[in-house]
Amino acid sequence: MLTTENLARSFGGVFAVDDVTTSVSPGELRGIIGPNGAGKSTLFNLIGGHLAPSHGRITYRGESLAGMAPHRRAREGIAIVFQGARLFRGMTALENVMVGAHAMTHHGFVSAALRLPGHRREERLIAERAEAALERVGLTDFTDVQAESLPLGQQRRLQVARALCGEPALLLLDEPASGLRQQERQSLAALLHELHEEGITMLLIEHDVGFVMNLADRITVLDLGKVIAEGTPVEVSRDPQVISAYLGRENSGQENSSQENSGQENSNAPSR
Ligand code: ADP
Ligand code: MG
């Protein structure tokens, strides 16, 4: 589904992503973990086309993504829920999802503004799609609620609904559980598990190691831009390099994460 070969990106001579070679199989749920600054978000921006690689290649469904704009990658089925993504204020849940869906259609905002032929039909289609996406994430009862008034857990589900509108084949989620309470985390995990069962390939960045351990088929561990381990959750959690680079520093945090916490952002995040 996706391969990266010697993928690298530097900022001012420092490599944030440094020769990352990996491949993700269709239907796989891949966890990506690593300390703050490991290069996880940069990797997503490279896959989404929001950043150009310094060198290396990304191949999606057998085709190179080199030079392809983000909106075209989105149309090819790559959807990203960005770290700390915001909703549109003053819009309902449905409108928020519809805005996401607009970006995926051929006519888009320009024709909506100019009222070109085909617009009304498309508008209805988009509303239907958005409603279906809201149903998929369990937000049917909140369609007409102002998005910003929803609890954080439901706002995250709304972000997922927005991404689902384009019927993605590859869904990238950057720390979707951060700041959520334990119960919201569990319910988000259940949703991601369901989407996984439906066959969507997912890349899941998460700070809460426990969260990915229970969900992922395989895990890639990044540190200072490099892959330091890759394997099943059990393999990775036993890897001495991972334990010293990441899990070792997290031990106390992992125990905390299984208890009700106050929903603090990355309360168990390692610092460097
Ligand atoms: P993570 O998501 O794993 O916390 P990031 O990918 O956000 O890590 O960042 C990796 C490194 O790249 C960090 O040292 C960060 O400061 C740097 N970095 C990321 N984006 C930029 C940018 N746009 N300009 C300069 N440095 C950046
Ligand atoms: Mg990040």
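The values are calculated or read from the model by the stated rules, or taken from the named source; none is laboratory data. For clarity, every value in this text was computed on a predicted model and none was experimentally measured. Calculation scope for accessible area: heavy atoms of the full protein, side chains included, ligands and nucleic acids excluded. Shrake-Rupley method; radii C 1.70, N 1.55, O 1.52, S 1.80 Å.
Segment 125-170: Rg/Rh from Cα coordinates, Kirkwood Rh? Walk me through the intermediate numbers first.
Details: Rg = 10.2 Å, Rh = 10.7 Å.
Computed over Cα atoms, the ratio is 0.95.
Based on the Cα atoms of segment 46-105, what semi-axes does the equivalent ellipsoid have, where each is the square root of 5 times one gyration tensor eigenvalue, given in whole Å with the largest first? Walk me through the numbers on the way to the answer.
Numbers: eigenvalues 147, 34, 13 Å².
Listed largest to smallest, the semi-axes of segment 46-105 are 27, 13, 8 Å.
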Problem - segment 1-61 versus segment 147-161: alpha-carbon centroid distance in Å - result: 27 Å
Problem - Surface per residue (accessible, 1.4 Å probe) for segment 140-251, Å² - result: 39 Å²
Handout entry: Extended-chain gain in nm, criterion 0.36 nm per residue less alpha-carbon gap, SER10 and MET91
Key = 25.4 nm
